[in-house]
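See below for the structure under consideration.
The values are calculated or read from the model by the stated rules, or taken from the named source; none is laboratory data. Please read all numbers here as calculations on a predicted model, not as lab measurements. For neighbour counting, all protein chains shown are included, and Cβ atoms are generated from backbone atoms with ideal geometry for every residue, glycine included. These area figures cover heavy atoms from the full protein model, side chains too; ligands, DNA and RNA do not enter into them. Shrake-Rupley method; radii C 1.70, N 1.55, O 1.52, S 1.80 Å.
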Amino acid sequence: DGRVVFAESKAAADLMAKGFYKFKVGDIEVTTISDGVWLKPHDPGFIKNATVDETKAALTEGGLPTDVVTIPFTVTVAKIGGKTIMFDAGTGAQMAPTAGKLSANMAAAGVDPQKIDMIVVTHFHPDHIFGLMEKETNAQVFPNAEIVVPNAEYAYWTDAATLAKAPENRKGLVK
C-alpha cells in the first residue's frame, strides 16, 4: 500500500552499536559490517510513493530522527566452503563524512581485507564500488580478491553511449 514501515531488529541495533553482526546459516558464517551512514537531507523526489511528511511520520514511528533520512551502508561477508566472499565494497569514505567506516569495522569483526577471496559486486552505485580502491592513490583495498560483476552492469557503464547521454553533472560518476 506504499507505506514506509520500520521493523525492530536486534541484529540491526547490534550492527549499528558494534559496527558488525555475525550469524550462521547452516555451515555458512555471515558477518554484516557497517560502513556508516548517510544523513541525507529530505528531498521530495527521493522516496517514491511517499511525501516528505509521510517519511517524517514513518521515521518518528520508527524512533528515528526526522531532520534527515538516515541511510545505512552495510557490506556482507560470508565464509563458504573455505572461501571468504564479500558482497560489495562500501563507500570508500567518498560519499559522506559519516560513512567510510568499513575498514575499522572489518578489523573489529576480525575480517582481514587481505583474506577476502572474492568480491561480488551487485551493481555499480558508488556505495557499492567506491571501497574497492583507496580514494587518493587508487591502490586496491582487497588485492587478493577476485572481483565478480554482472555482465549487464559492466556493459552499461563501459558503453560510450552511457557517458554521452549522461547529464554534465553525472559524467564524473559514469567515468
- Taking amide hydrogens as modeled 1.01 Å from N in the peptide plane, which residues meet the under 5 Å criterion relative to T91, leaving out close sequence neighbours? G100, G131
- Charge dipole (the stretch 41-175, unit charges on Cβ, about Cα centre) - positive-most of V69, N105, N151: N151
- Distance in nm between pseudo-label sites at I147 and A12 (7 Å out along the Cβ direction from Cα): 3.1 nm
- Over the stretch 70-131, relative contact order from alpha-carbon pairs under 8 Å, at least 6 apart, %: 41 percent
- Rank T91, T31, T51 by mean-square fluctuation in a GNM of the chain with C-alpha springs under 10 angstrom and give only the top-ranked residue. T51
- Message: Taking all protein chains in place and a 1.4 Å probe, what share, in percent, of the accessible surface of the chain do carbon and sulfur account for?
- Response: 56 percent
- Query: What number, in percent, do you get for the relative contact order of the chain if the mean sequence gap of Cα pairs under 8 Å and at least 6 apart is divided by its residue count?
  - Reply: 19 percent
- Query: Pairs K24/K83; K135/K165; K79/K115; K18/K83; K48/K175: which are spaced more than 18 Å apart, C-alpha to C-alpha?
  - Reply: K135/K165; K18/K83; K48/K175
- Query: Given R₀ = 22 Å, FRET efficiency for H123-L39 by Cβ-Cβ distance, to 0.05?
  - Reply: 0.45
- Message: For the chain, I need the span (max minus min coordinate) of the C-alpha atoms along each principal axis, in Å, sorted largest to smallest.
- Response: 47, 45, 31
- Enumerate the calculated ³J(HN,Hα) couplings along the stretch 149-157 in order (Karplus 6.51 cos²θ - 1.76 cosθ + 1.60, θ = phi - 60°), each rounded to whole Hz, writing x wherever the residue is Gly or Pro. 10, x, 3, 5, 5, 4, 4, 4, 6
- Message: With every protein chain kept in place and ligands, DNA and RNA left out, what is the accessible area per residue of the stretch 1-123? Probe 1.4 Å, answer in Å².
- Response: 57 Å²
- Show that you can apply the helix-only estimate: for the chain, add -39,500 (n - 2.57) for every DSSP H stretch of four or more residues, divide by all residues, and state [θ] at 222 nm to the nearest 500. -7000 deg cm²/dmol
